[in-house]
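Please read the structure below before turning to the comments.
The values are calculated or read from the model by the stated rules, or taken from the named source; none is laboratory data. Treat the numbers as computed from the prediction; the structure is a model and nothing was measured. Here the Cβ positions follow ideal geometry from the backbone for every residue, glycine too, while neighbour counts run over all protein chains shown. Areas reflect the complete protein model, heavy atoms only, side chains present, ligands, DNA and RNA absent. Shrake-Rupley method; radii C 1.70, N 1.55, O 1.52, S 1.80 Å.
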Amino acid sequence: MLWISCPTCGERPVGEFRFGGELPHVPDRITDPDAYNLDYVWMQNNVAGITTERWFHAAGCRRWLTLRRDTRVDRVVPG
Amino acid sequence: MNEFVERILDLPWQEPKRSYEVVIIGGGGHGLATAYYLATRHGLTDVAVVEADYIGSGNTGRNTTIIRANYGIAESVRFYQRALELYATLEEETGCWIMHKTKGLLWLAHTESGLRAERARTLMNQAMGAQTAMVTPEEALALCPHLDLTGGGRYPVLGGSYHSGGATARHDRVVWAYAQGALRRGAHILQHTPVTGLLRDGDRVTGVQTATGPISARIVMSAVAGWSTHVADMAEVRLPIRTHPLQALVTNPYALGFEPIVASSELLCYVSQTARGHMLMGAEFDSQPSYSRASSFEFLSSVSAKITKLLPFMADLRVLRQWAGICDITPDYSPIMGETGVPGFVISTGWGTWGFKAIPAGGEAMAELIATGTTPAMIASFGLDRFARDHAMADQGSAGTR
Ligand SMILES: Cc1cc2nc3c(=O)[nH]c(=O)nc-3n(C[C@H](O)[C@H](O)[C@H](O)COP(=O)(O)OP(=O)(O)OC[C@H]3O[C@@H](n4cnc5c(N)ncnc54)[C@H](O)[C@@H]3O)c2cc1C
Ligand SMILES: [Zn+2]
């Protein structure tokens, strides 16, 4: 199971957190403003590998944090 | 014949051709059914299904095999009703025994708001011709005498809905039935052949790149479930999909005759009995996206805690196996089928945790699209363009049970 290290509360189980999504990144090739907005709102990079994401410590300090996770093995990676 | 000795499907070795009319990426239920319906409904057999591993190694061989049409919105109910019909006659049509069994699905509610949701679903189902009716706690008990109506004092059964069309079928046999039907008519199935890129000619997709060389095609379809984003990336098509693991488990056998399928959308878990007597259980998908197929003890303990409150006899059973698959989850819990905006490239994805039941209808519709070039009315509202048109197909009927 995934454990997340919260800057305030320390190492806590994933069940206490809410996943807040990858940091949105619209590809540079999308320059049309409507296409840009569509991508920003709906599309996901859904990376198989290391992603940078936002998490909310819902059952803890109730603060947001940013972490890097390897989605192939579902583990937090340093950095 | 011993019914439970799995038959090994004899897939003849086929020398891959350099070019096909149609190449389908992904030998799961959706890819194979599309090949089957292209051959049987449209006489199109110059088709290759290209599978990275062995056929059925993805979610189609890992799911809990629940087939139902009691969805929440009109377009879905109509679509899944079509799938139910095709499943019911698939044995007759293919001559393959898929162990299809209609056993009904009992969907329990434990709160007033849960009951309201079941009522809304029931009315929508009835309007669209799906067999669903509200039941009282006593009627629920008559349908499933194993129930504890007090829910262990925690999850009292206030009522629910009963979907008499609910069924199960053996997942591997569905894979084999479609594979065999397509093969016999001349389609090729290339196993252990991962697609590593797409061939392009300007905008157009003109084939696939594999470890054993390029294969060109007039049209390429992607049906790769959890890997959909990866393959769509090769065509620069962006998808609103996140890949989440979904786990399941089975217990040792219990006396046969446990019917119907029992589910609770408020508890987010469901259970059915396999033909061998194993109790087969599932629940919600892991909340964070990942491509990991690891099983977790947290899943096991949370499902067991809930299910044994509703069905106390299950506390005496033991867990035999636990596993996971990686599911292509859309933001509106509806599938994405059809054109992508890139000529020569169509997709069937967003099957999430609910796409086994859809295999016949999804395959039939995608085959029609590929053969005729026109999107069938049945799936028109499930296109990728719905997000740009602000027409998301939010369907809570997908979640809850599978
Ligand atoms: C535990 C669990 C329980 C479920 N329970 C139910 C249920 O009760 N009822 C229900 O209706 N649905 C259920 N589902 C969902 C259902 O299993 C899936 O939606 C459905 O099987 C998807 O079929 P598919 O053909 O799209 O994908 P898959 O069967 O996953 O097939 C995709 C194939 O693509 C291949 N592939 C991937 N990348 C490549 C590549 N680059 N090149 C070549 N091939 C590639 C994979 O190896 C795989 O074989 C469940 C899923 C899980 C995981
Ligand atoms: Zn915290």
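For the range A:3-77, with all protein chains present and a 1.4 Å probe, just round the carbon and sulfur fraction of the accessible area to a whole percent. Each step should come with its number before you reach the end.
On the way: 2210 of 4360 Å².
The C+S portion of the solvent-accessible surface of the range A:3-77 is 51 percent.
So how tilted is helix B:74-88 from the main axis of chain B? Cα-based, degrees 0 to 90, rounded to 10.
Approximately 80 degrees, to the nearest ten.
For the range B:142-254, which whole-number percentage of the solvent-accessible area (1.4 Å probe, protein heavy atoms only) is attributable to carbon and sulfur atoms?
Numbers: 2060 of 4090 Å².
Looking at the range B:142-254 in its full context, I get 50 percent from C and S.
With angles folded into 0 to 90 degrees, how steeply does helix B:112-127 sit against the dominant principal axis of chain B? Use alpha carbons for both and round to 10.
50
With every protein chain left in place, what is the accessible area per residue of the protein assembly as shown in square angstrom, probe 1.4 Å?
Numbers: 19770 Å² over 481 residues.
That works out to 41 Å² per residue.
Cut-off 10 angstrom, C-alpha nodes, Gaussian network model of chain B. Which of B:Glu118, B:Glu339, B:Glu266 fluctuates the most?
B:Glu266
Roughly how many whole Å is it from the C-alpha centroid of the range A:8-24 to that of the range B:191-265?
Taking the Cα centre of the range B:191-265 as reference, the centre of the range A:8-24 is 28 Å away.
Dipole of the protein assembly as shown (Lys/Arg Cβ +1, Asp/Glu Cβ -1, origin at the Cα centre): which of B:Leu384, B:Val224, A:Cys9 lies farthest to the positive side?
Most positive-ward Cα: A:Cys9.
In degrees between 0 and 90, to the nearest 10, how far off the longest principal axis of chain A does helix A:33-42 point, with axes built from Cα atoms?
30
Using +1 on the beta carbon of Lys and Arg, -1 on that of Asp and Glu, and nothing else charged, what's the dipole of the range B:203-357 about the Cα centre, debye to 20? Walk me through the numbers before you get to the answer.
Details: 11 positive and 12 negative charges, 81 e Å.
Dipole magnitude for the range B:203-357 comes out near 380 debye.
Top mean-square fluctuation among B:Thr206, B:Thr45, B:Thr136, Gaussian network model of chain B, C-alpha springs under 10 Å?
B:Thr136
Could you rank the peptides B:180-188, B:342-350, B:76-84, B:141-149 by their average count of other C-beta atoms within 10 Å per residue, with the highest value first? Working shown, then result.
Values: B:180-188: 19.7, B:342-350: 23.8, B:76-84: 22.2, B:141-149: 14.9.
Put in order of decreasing packing, that is B:342-350, B:76-84, B:180-188, B:141-149.
Return the value, in Å² to the nearest 100, of accessible area buried between chains A and B (probe 1.4 Å, both sides summed). Kindly include the intermediate steps, with their values, before the conclusion.
Details: alone 5640 and 16110 Å², together 19770 Å².
The summed interface area works out to 2000 Å².
From largest accessible area down, sort B:Trp323, B:Trp97, A:Trp55, A:Trp3; use a 1.4 Å probe on the protein chains. Spell out each step's value before the answer.
Values: B:Trp323 55, B:Trp97 100, A:Trp55 0, A:Trp3 120 Å².
Greatest to least solvent exposure: A:Trp3, B:Trp97, B:Trp323, A:Trp55.
Sort B:Asp203, B:Asp328 by accessible area with a 1.4 Å probe, largest first. Write down the numbers at each step before the final one.
On the way: B:Asp203 110, B:Asp328 0 Å².
So the residues, ranked largest to smallest area, are B:Asp203, B:Asp328.
Calculate the mean, over all residues of peptide B:229-236, of how many other protein chain Cβ atoms lie within 10 angstrom of the residue's Cβ. Each step should come with its number before you reach the end.
Details: counts 6, 3, 0, 1, 4, 0, 0, 3.
The shielding value for this peptide is 2.
Once you have a ≥ b ≥ c as the square roots of the Cα gyration tensor eigenvalues for the protein assembly as shown, tell me rounded if a/c is under 1.5, and otherwise prolate or oblate according to whether a/b is larger than b/c. Display every interim value, and only then the final one.
Values: a/c = 1.59, a/b = 1.16, b/c = 1.37.
Judged from the Cα gyration tensor, the protein assembly as shown comes out oblate (a/c at least 1.5, b/c at or above a/b).
Which percent, to the nearest 5, of DSSP beta bridges fully inside chain B are antiparallel? Walk me through the intermediate numbers first.
On the way: 49 of 69 bridges.
If we restrict to bridges inside chain B, about 70 percent are antiparallel.
What full-extension length gain, to one decimal in nm, is calculated for B:Ala255 and B:Thr374 as 0.36 nm per residue of separation minus the Cα-Cα distance?
On the way: separation 119, 0.36 × 119 = 42.84 nm, distance 4.96 nm.
Result for the pair: 37.9 nm of gain on full extension.
Taking beta carbons within 10 Å but only from partner chains, what does the mean come to for residues B:241-250?
Details: counts 4, 7, 5, 2, 1, 0, 0, 0, 0, 0.
Average per residue, whole number: 2.
Can you list the cysteines of chain A that have no other Cys Cβ under 4.7 Å away?
A:Cys61
Ordering B:Leu106, B:Leu198 by accessible area with a probe of 1.4 Å, largest first, what comes out?
On the way: B:Leu106 0, B:Leu198 25 Å².
Final ranking, largest accessible area leading: B:Leu198, B:Leu106.
Which order, highest average first, do B:310-320, B:284-294 follow once you tally other Cβ atoms within 10 Å for each residue and take the mean per peptide?
Highest mean packing first, the order is B:284-294, B:310-320.
Give me the inter-chain shielding for A:37-43: mean count of other chain Cβ atoms within 10 Å, whole number please.
Values: counts 1, 5, 4, 0, 3, 12, 8.
Average neighbour count from other chains, rounded to a whole number: 5.
Suppose the chain between B:Thr111 and B:His42 were pulled fully straight at 0.36 nm per residue; how much longer would it get relative to their current alpha carbon spacing? Mind showing how you got there, number by number?
On the way: separation 69, 0.36 × 69 = 24.84 nm, distance 4.90 nm.
Full extension from B:Thr111 to B:His42 adds 19.9 nm.
Considering chain B as a Gaussian network with a 10 Å cut-off on Cα pairs, which listed residue, B:Ala48, B:Ala305, B:Ala324, attains the greatest mean-square fluctuation?
Among B:Ala48, B:Ala305, B:Ala324, the largest GNM mean-square fluctuation belongs to B:Ala305.
If you stretched the chain out fully between B:Ser57 and B:Glu298, how much longer would it get, using 0.36 nm times the residue separation minus the C-alpha to C-alpha distance?
On the way: separation 241, 0.36 × 241 = 86.76 nm, distance 2.48 nm.
Once the chain is fully extended between B:Ser57 and B:Glu298, it gains 84.3 nm.
Between A:Trp64 and B:Gln14, how many nm apart are label points set 7 Å from Cα along the C-beta direction?
5.0
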